[in-house]
Amino acid sequence: MSRRTRLILAAGVALAVVAGGATVASAMMQDASAQLRASGQVGEQADGYLGLVGSAPAAVRAQVDSVNIKRRAYYTDLAAKRGAKIEEVAATTACELFRTKVGAGQYYRLPDGVWRQRDGGTPIPLPGYCG
Amino acid sequence: MKRSLLTSMRCDATQGAMRRMKILLAAPVALTSAGCVQVSAPEKPIEINLNINIRQEVVVRLQQDVRDLIKENPGVF
């Protein structure tokens, strides 16, 4: 094998490793909130943010904070665009997340502040304003 | 007598230099801590307020935008 071939091969391997790492990272980012909900340590709240169901390890708390900060940014942006309050956008999002994203056995928290677990077949009883 | 005076004089000089050194050392430290914005990670960065007072008409108006937002950002929602 010539030196040049070896160099090209090494570059190819390095590129594949970097690309693979990036794919894994983006895949993890893609369903961060879904994974958190599925962990049972985190649930959806009526205020439009993720919350900790019990005392969660620091790593989980950090992930929840990270997701919530991003959510807050999106809510703020949409609220400004539509002339609505941030809390209104956030609560509307919560209605939609309760409908479509909280799976069986996963946790949710209505305005009464109590964590509940969604059971299999029944949908989450939505707050009156959800429409 | 003379000797002890000399010793004490030298000691004074050393102490003065030491004091000056301390000031010199303290100055950048004070400057750094003054120029540095203290960012400590709070336990709860976002205050969760579940007592929300939302009107249904607002929710209906925002619904489609919110659906799009969720669809476009699968990692966040």
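Placing +1 on the Cβ of every Lys and Arg and -1 on the Cβ of every Asp and Glu, with nothing else charged, gives segment A:31-120 a dipole about its Cα centre of roughly 120 debye.
Each Lys or Arg adds one and each Asp or Glu subtracts one; over the other residues with Cβ under 13 Å from the Cβ of A:TRP115, this totals +2. Ranked by how many other Cβ atoms sit within 10 Å of their own Cβ, fewest first, the residues A:THR5, A:THR76 fall in the order A:THR5, A:THR76. Residues A:VAL114, B:VAL66, ranked from the fewest to the most other C-beta atoms within 10 Å, line up as A:VAL114, B:VAL66.
Readers should treat all values here as calculations from the given coordinates under stated rules, not as data from a laboratory. Here the structure is a predicted model, which means the values were calculated and not measured. So basically every Cβ, Gly included, is an ideal-geometry build from the backbone, and we count neighbours across all protein chains shown.
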